[in-house]
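Peer 1: Here it is, the structure, as structure tokens.
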Amino acid sequence: MRRSLAPYPLLAKTNDSYRKSSFDGIAALKVAGKELRIEFRAVLRCAALKNLVRAGLAGYALHVESPVTSYRRLFEFNDAAFHLKLSADDVRSVLQVTPFVVAKAPIEDYASEDFHEAYAGQTFSFARGHILAFDQTTEFLLHAQDERESLPSIMRVEPLAREAGEAALRVDCGSDYIVVRLPQGMYDIYRRYAKSVYGATFLSCVILPALVAALDRLAAGQRAGEEPRTRWQRVLLHLLEEEKIDILAEGAESLAIAQRLLRDPLNRALQEMEDLAQREEVGAWN
């Protein structure tokens, strides 16, 4: 038994609207430079729906989405085998492809001998655009040409509305970026001085702990056998590979690794403060 019936006959693996019919969408992705080519083949095993396709009342459609760039398009085709060309500038990180059979025109008195017994003897009408069948989404992970960018490309600092008693620094690794959140006042200070003579100091007190948290999460995912799904994970893995660092090695410490990736930020921050102190002393004597 699959799952419960849909409120109308819908051919899908998630319900029992039909007894033996099936719909499968087989997608493959080929990447050539800035061009992405989706090769698709629809396998429809349902006599009633095939008759609608032959009559031009129904057709195949492919919903293509890239959540990171908010790219979202629906492509319609008459043939069971087709291909699409996309620009790599439009999609990034993840590409989701979902196949459908949709009504291309109003359909009256639709019936199938393969209906579930609950629909036996019934007929249905559909408006243009109504979904008649769908298959599960296929997700492709895209490895962009800029995957080997430096750490700044995957780090973001954003303001945080902090509640009383909450930590001042929060780290969110749930998106394509390692997002560091600071209370508004601290964030304003960071914005003013992080790229000035205090750069290494802010690197040590803001970016370093965030990177440690991200490395801990990356290592946990690697131990669990998870695929790197987000961009920051893939960029970090590239950087670790370039530095010949194994985060799963015995004795590997995220704090030590983070300092190495950031090129010893604490030492640079202390040197930065010493230089500033010496300048102040010189200024006091002049």
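Peer 1: Which numbered condition in (1) in the same structural domain as Ala133 (by TED's automatic domain parsing); (2) not in a strand (DSSP E or B); (3) not basic (Lys, Arg) is the only one that Ala61 fails?
Peer 2: It fails just one condition, (2).
A quick yes/no check of all residues on (1) without any contact (Cβ under 8 Å) to a residue 60 or more places away in the chain; (2) surrounded by 16 or more Cβ atoms within 10 Å (Cβ to Cβ); (3) closer than 30 Å to Leu276 by Cβ; (4) in the same structural domain as Glu272 (by TED's automatic domain parsing):
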site	(1), (2), (3), (4)
Ile189	yes, no, yes, yes
Pro209	yes, no, yes, yes
Val212	yes, yes, yes, yes
Glu226	yes, no, no, yes
Arg229	no, no, no, yes
Val235	no, yes, no, yes
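Peer 1: Which count do you get for residues in region 45-58 that are buried (at least 20 other Cβ atoms within 10 Å of the Cβ) and outside any helix (DSSP H, G or I)? Walk me through it before giving the result.
Peer 2: Of the residues in region 45-58, the ones buried (at least 20 other Cβ atoms within 10 Å of the Cβ) are 46, 49, 52-53, 58.
Add one more test, that the residue is outside any helix (DSSP H, G or I), and what stays is 46, 58.
Residues that pass the stated criteria total 2.
Peer 1: Under the condition of being surrounded by fewer than 17 Cβ atoms within 10 Å (Cβ to Cβ) and not β-branched (Val, Ile, Thr), which residue from region 195-207 is farthest from Met155 (Cα to Cα)?
Peer 2: Going through region 195-207, the residues surrounded by fewer than 17 Cβ atoms within 10 Å (Cβ to Cβ) turn out to be 195-197, 199, 205.
Okay, now just the ones that are also not β-branched (Val, Ile, Thr), so 195-196, 199, 205.
Details: Lys195: 14, Ser196: 18, Gly199: 15, Cys205: 14 Å.
Looking at the filtered set, the residue picked out is Ser196.
Peer 1: Same structure, new question: Of the residues that sit in region 73-96 and are free of Cβ contacts under 8 Å to residues at least 40 places away in the same chain and part of a strand (DSSP E or B), which one is farthest from the chain's Cα centre (by Cα)? Can you show your working first?
Peer 2: Going through region 73-96, the residues free of Cβ contacts under 8 Å to residues at least 40 places away in the same chain turn out to be 73-80, 90.
From the residues that got through so far, the ones that are part of a strand (DSSP E or B) too are 73-77.
Numbers: Arg73: 17, Leu74: 19, Phe75: 21, Glu76: 24, Phe77: 27 Å.
My answer is Phe77.
Peer 1: Give me a count of the residues in region 112-128 that are exposed (fewer than 14 other Cβ atoms within 10 Å of the Cβ) and part of a loop (DSSP other than H, G, I, E, B). Write out each step before concluding.
Peer 2: To start, the set of residues in region 112-128 that are exposed (fewer than 14 other Cβ atoms within 10 Å of the Cβ) comprises 113, 117-118, 120-123, 125, 127-128.
Narrowing further to those that are part of a loop (DSSP other than H, G, I, E, B): 113, 120-123, 127-128.
Within region 112-128, residues that are exposed (fewer than 14 other Cβ atoms within 10 Å of the Cβ) and part of a loop (DSSP other than H, G, I, E, B) number 7.
Peer 1: What pairs come up if the first residue lies in region 108-122 and is assigned by TED's automatic domain parsing to the domain that holds Leu57, the second is surrounded by fewer than 10 Cβ atoms within 10 Å (Cβ to Cβ) and of a type in the set (Phe, Trp, Tyr), and their beta carbons are under 6 Å apart, counting only those six or more places apart or on different chains?
Peer 2: none
Peer 1: Regarding region 245-253, can at least one residue be identified that is in a helix (DSSP H, G or I) and in the same structural domain as Val171 (by TED's automatic domain parsing)? Let's see the steps before the verdict.
Peer 2: Residues of region 245-253 in a helix (DSSP H, G or I): none.
Looking through region 245-253, none of the residues is in a helix (DSSP H, G or I) and in the same structural domain as Val171 (by TED's automatic domain parsing).
Peer 1: If you scan region 164-181, which residues turn out to be more than 18 Å from Leu151 (Cβ to Cβ) and in a strand (DSSP E or B)?
Peer 2: Of everything in region 164-181, just one residue is more than 18 Å from Leu151 (Cβ to Cβ) and in a strand (DSSP E or B), namely Arg170.
Peer 1: Here is a follow-up. For region 15-42, which positions are outside any strand (DSSP E or B), exposed (fewer than 13 other Cβ atoms within 10 Å of the Cβ) and out of contact with any strand residue (DSSP E or B) (no Cβ under 7 Å at 6 or more places or on another chain)? Explain how you work it out, then say what you get.
Peer 2: Taking region 15-42 as the starting set, the residues that turn out to be outside any strand (DSSP E or B) are 15-17, 19-21, 33-34.
If we keep only those that are exposed (fewer than 13 other Cβ atoms within 10 Å of the Cβ) as well, we get 19-20, 33-34.
Within region 15-42, Arg19, Lys20, Gly33 meet the criteria.
Peer 1: Condition first: assigned to a loop (DSSP other than H, G, I, E, B) and among the charged types (D, E, K, R). Now tell me which residues in region 204-242 satisfy that.
Peer 2: First, the residues of region 204-242 that are assigned to a loop (DSSP other than H, G, I, E, B): 224-230.
Matches in region 204-242: Glu226, Glu227, Arg229.
Peer 1: Further question: Six or more apart or on different chains, Cβ atoms under 7 Å: show the pairs whose first residue is in region 47-72 and under 13 Å from Ala105 (Cα atoms) and whose second is charged (D, E, K, R).
Peer 2: Qualifying pairs under 7 Å: Gly56/Lys104; Leu57/Lys104; Ala58/Lys104; Gly59/Glu76; Gly59/Lys104.
The values are calculated or read from the model by the stated rules, or taken from the named source; none is laboratory data. Treat the numbers as computed from the prediction; the structure is a model and nothing was measured. Note that we place each Cβ from the backbone using ideal geometry, even for glycine, and neighbour counts take in every protein chain shown.
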